[in-house]
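A.B. asks: Here it is, the structure in full.
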Amino acid sequence: MMTNQEQVEQGRHYVMNTYGRLPIALVRGLGARVWDGDGKEYLDFLSGLAVNSVGHCHPKVVKAIQEQAAKLLHVSNLYWIEPQNKLAQMLVENSFADKVFFCNSGAEANEGAIKLARKYAKKRWGEEKYEIITMEHSFHGRTLAALTATGQPKYQEGFAPLPAGFRYAPFGDLEALQKVMGPQTCAIMIEPVQGEGGVNVAERSYWEGLAQLVKEKDVLLIVDEVQSGMGRTGKLFAYENYGLKPHIMTLAKALGGGTPIGALLASDEVADAFSPGDHASTFGGNPLVTAAALAVMEVLLQDGLVKHCQTMGAYFQEELKKLATRHSMIVEVRGLGLMLACQLNREGASIVSSCLQKGLIINCTAGNVLRFLPPLTIQSQDIDQAITILDEVLTEAGKG
Ligand SMILES: *Cc1c(COP(=O)(O)O)cnc(C)c1O
């Protein structure tokens, strides 16, 4: 086994420099815990960025992967694939959608959503209605159309020319959204809880108004649930929290429990805009990843994890609010389910490093927002341990 230092040096030498990485290598995981190259243990409150929602190496997921790997890893989508069919059925039976397309990532699912919305719009309304409105501080991925949909200029700088046909509105502001919409608008694409943009939550009245607007103006509603989906917010899909009825939904991150899979879901009416040849992905929905995702879905639904997420989310949020009363550095606690955050009155990177030193993995997004995405299997004593470490770290940082 290589030490942290050896792996850091090797990586710096050979891997393209696109991530601001912390100087450890994680080599093993179990449940809510991971271990680094030097054997140090950490409590994982990031879950591989909302991926390992059923915990690391869940036995049912490991078994499904092992069995499928020994049976059939990959076949082309020129043939029907049993675990892919089953997963599609399970997603459809548990959501608004009628049909599913599988791909390999969140960005790719959003690319598919953009293509589907445009294709549907052209068929239904003609060439003039093609524009997609997305939100400021949104995040939809790093491929060219997805980063154009992403309403944060910092992700777009240096990559012009960007695809045309996107406009932006401030998240949570109905009046502003109405002003940005025009006869050329075919869809609104939105995260039910903004993840990378700072774990931003909008009021219920906003979502009611948005649903009304979608109906009145006859446009498509695309929900990007790449981060908020699969039980993370205390509902299987976050749109359920607001009584929304989307036309299109994208999933990835937690869907495959750590195997790379994304999905694009739609109502029959919208999905019918695609015909053979319109969209494809070689690996999309292959036997291995769909067998893993099936196991993840079964764990989520059969083990009552979505309900558990509500309970643990409420407890964690309450504990974070208590922490905020002791540390003036925390200006707001917010989020939904186990997608939670503390906004600080200063940059959060050094807090993340200090937590890591004390054995707690968290993340900082939007500069000053500490983000918590523990596995949905988390227990209250793990939350207590995380709060103790945060309390110590914030106390020390407050003195400095
Ligand atoms: C992470 C994320 C994406 C991009 O997913 P990738 O798998 O990294 O391409 C898209 N949308 C949202 C909301 C995300 O959180």
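The values are calculated or read from the model by the stated rules, or taken from the named source; none is laboratory data. Not measured: the values here are computed from a predicted model. So basically every Cβ, Gly included, is an ideal-geometry build from the backbone, and we count neighbours across all protein chains shown. Heads up: the accessible areas ignore ligands, DNA and RNA and are worked out on the full protein's heavy atoms, side chains in. Shrake-Rupley method; radii C 1.70, N 1.55, O 1.52, S 1.80 Å.
A.B. asks: Which value, in debye to the nearest 20, describes the size of the charge dipole of the stretch 166-284 about its Cα centre when Lys and Arg Cβ atoms bear +1, Asp and Glu Cβ atoms bear -1, and nothing else is charged? Working shown, then result.
C.D. replies: Values: 9 positive and 15 negative charges, 44 e Å.
That gives the stretch 166-284 a dipole magnitude of about 220 debye.
A.B. asks: With all pairs of different alpha carbon atoms counted, what Kirkwood hydrodynamic radius in Å does the stretch 207-310 show?
C.D. replies: Values: mean 1/r = 0.0662 Å⁻¹.
For the stretch 207-310, inverting the mean 1/r across all distinct Cα pairs yields 15.1 Å.
A.B. asks: Here is a further query. Given C-alpha coordinates of the stretch 304-359, what is the ratio Rg to Rh with the Kirkwood estimate of Rh?
C.D. replies: Taking Rg over the Kirkwood Rh, I get 1.03.
A.B. asks: For Thr259, enumerate residues with amide H under 5 Å from its amide H, sequence gap 5+ or separate chain, H modeled in the peptide plane.
C.D. replies: Amide H to amide H, under 5 Å and 5 or more residues apart or across chains, Thr259 pairs with nothing.
A.B. asks: Among Thr259, Gly231, Gly243, whose Cα projects farthest towards the positive end of the dipole of the stretch 221-325, with charges put on the beta-carbon of Lys, Arg (+1) and Asp, Glu (-1)?
C.D. replies: Toward the positive end, the furthest listed residue is Gly231.
A.B. asks: Under 5 Å between amide H atoms, partner at least 5 residues away or on a different chain: which partners does Glu332 have, H built in plane at 1.01 Å?
C.D. replies: Gln343
A.B. asks: I need the Kirkwood Rh of the stretch 24-127: take the reciprocal of the average 1/r across all distinct C-alpha pairs and report it in angstrom. Before the final figure, lay out the partial values.
C.D. replies: On the way: mean 1/r = 0.0577 Å⁻¹.
Its Kirkwood hydrodynamic radius stands at 17.3 Å.
A.B. asks: At 4 °C and 1.567 mPa s, what whole-number value in µm²/s does Stokes-Einstein give for the translational diffusion of the chain, with Rh from the Kirkwood sum over Cα pairs? Can you show the working numbers first?
C.D. replies: Numbers: Rh = 21.9 Å.
D, rounded to a whole number, is 59 µm²/s.
A.B. asks: Return the FRET efficiency for the residue pair Gln379, Val62: r is the Cβ-Cβ distance, R0 is 30 Å, and the value is rounded to the nearest 0.05.
C.D. replies: The value I calculate is 0.90.
A.B. asks: Okay, moving on. In the stretch 72-301, what percent of the accessible surface is made up of carbon and sulfur (1.4 Å probe, ligands and nucleic acids excluded)?
C.D. replies: 54 percent
A.B. asks: Under 14 Å from the Cα of Lys321, which aspartates and glutamates turn up, not counting those fewer than eight places away in the same chain?
C.D. replies: Glu332, Asp384, Asp391
A.B. asks: Give the angle, between 0 and 90 degrees and rounded to the nearest 10, that separates the Cα long axis of helix 4-14 from the longest principal axis of the Cα atoms of the chain.
C.D. replies: That works out to roughly 40 degrees.
A.B. asks: Principal axis extents for the stretch 72-301, Cα atoms only, whole Å, descending order, please.
C.D. replies: Here the spans come out as 51, 37, 36 Å, largest first.
A.B. asks: Under 19 Å between alpha carbons, and skipping anything fewer than 8 positions from Lys129 in its own chain: which lysines qualify?
C.D. replies: Here the lysines satisfying the reach criterion relative to Lys129 are Lys115, Lys119, Lys179, Lys215, Lys217.
A.B. asks: Starting from the amide H of Ala169, placed 1.01 Å from N in the peptide plane, find each other amide H under 5 Å away whose residue is 5 or more places distant or on another chain.
C.D. replies: So Ala169 has HN proximity to Thr134, Met135, Glu136.
A.B. asks: If you take the charge dipole of the chain about its Cα centre, with +1 on Lys and Arg Cβ and -1 on Asp and Glu Cβ, which of Phe139, Asn110, Leu46 is farthest toward its positive end?
C.D. replies: Going by the Cα projections, it comes out as Asn110.
A.B. asks: Among Ala69, Thr395, Leu360, which residue has its Cα furthest toward the positive end of the charge dipole of the chain, with +1 on Lys/Arg Cβ and -1 on Asp/Glu Cβ?
C.D. replies: Selected residue: Ala69.
A.B. asks: Rounded to the nearest 20 Debye, what is the dipole magnitude of the chain about its Cα centre when Lys and Arg each give +1 and Asp and Glu each give -1 at the C-beta?
C.D. replies: On the way: 37 positive and 43 negative charges, 32 e Å.
That gives a dipole near 160 debye.
A.B. asks: Given DSSP loops and a limit of at most 11 other Cβ atoms within 10 Å, what is the longest stretch of the chain that contains no such chymotrypsin sites (Phe, Trp or Tyr not before Pro)?
C.D. replies: Maximal segment without exposed cleavage sites: 160-400.
A.B. asks: Still on this model: Using the heavy atoms of the protein chains and a 1.4 angstrom probe, tell me the accessible area per residue for the chain in square angstrom.
C.D. replies: Working: 18060 Å² over 400 residues.
Averaged over the residues of the chain, the accessible area is 45 Å².
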